Amino acid sequence: MAAALGLCRARLSSWLPQAAPSRGSHWQSSVLAFRASLPMRAQPKKKKKVDVKREQAQKDRMKKKIKKLEKAAPELIPIEDFITPVKYSDSNRVRSLPDLSPEETERRVLLLKKWCLFKQKQDNTEKKAIQSMVEAQQEALKELRLESEELYQAAIRRDEGLFPFEREGPSYTPPLPGYDPPEGKCVDITKVYTQ
């Protein structure tokens, strides 16, 4: 069986054209020979015919547009938040305050004086408390220095863990029970400006 197969191969190989050894050129290889490095043979793309008149007209149009843009400055888009509407700038719209009675005016003046006196006393007590704490701290540091220099240096060293203070709050707001959100459509009234 193997001998018959070998004889069949020998007969078939004599019918196929043998690839002649090439001189190192990959262009002159046989059509039946398969090479992986062969470039794809495709037709070159046909060049489009250039219409000179059309191209010149397009260039002229572009030049005209450029000249037009250079002559007229571009229109600035107004920022509507900075423009006060006319209905609010009317000088007749002045809110008149009601006239106060002399008793009400006197009551408000006395109330303001009492408030100022209260805040002044509060400020003085806070300043005295801070001053007494600073004095006690200085006295304690003097006593500590007499006891041990190492403890004193450790006491006056800055604590980097005090500041900055960071805190993370709730990551989401819980829903309100029984809240029915309103449904409606949004009308976009944004003005579109073209340059």
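The values are calculated or read from the model by the stated rules, or taken from the named source; none is laboratory data. Computed from a predicted structure; not experimentally measured. All Cβ positions, even for glycine, are placed from backbone atoms using ideal geometry, and neighbour counts span all protein chains on display. Just so you know, the surface numbers come from the protein's heavy atoms only, side chains and all, with ligands and any DNA or RNA stripped out. Shrake-Rupley method; radii C 1.70, N 1.55, O 1.52, S 1.80 Å.
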Of the residues Leu76, Leu141, which single one is modelled with pLDDT of 80 or more and either on the phi < 0 side of the Ramachandran plot or part of a loop (DSSP other than H, G, I, E, B) (or both)? Leu141
Open to solvent by 90 Å² or more (accessible area, probe 1.4 Å), at pLDDT 95 or above and not basic (Lys, Arg): does that describe Glu126? yes
Give me the pairs: first residue in region 175-195 and under 30 Å from Glu75 (Cβ atoms), second residue open to solvent by less than 100 Å² (accessible area, probe 1.4 Å) and not hydrophobic (A, V, I, L, M, F, W, C), beta-carbon distance under 6 Å, and six or more apart or on different chains, which are they? Gln195/Pro74
Looking only at region 41-78, filter to residues that are among the charged types (D, E, K, R) and open to solvent by less than 100 Å² (accessible area, probe 1.4 Å); which one of those is farthest from the chain's Cα centre (by Cα)? Asp51
What are the pairs, 6+ residues apart or on separate chains, where a residue within region 151-163 that is part of a loop (DSSP other than H, G, I, E, B) has its Cβ under 6 Å from a residue that is of a type in the set (Phe, Trp, Tyr) and open to solvent by less than 100 Å² (accessible area, probe 1.4 Å)? none
Which of the following residues is modelled with pLDDT under 55 and either in a loop (DSSP other than H, G, I, E, B) or out of contact with any Leu (no Cβ under 7 Å at 6 or more places or on another chain) (or both): Arg23, Arg95, Arg107? Arg23
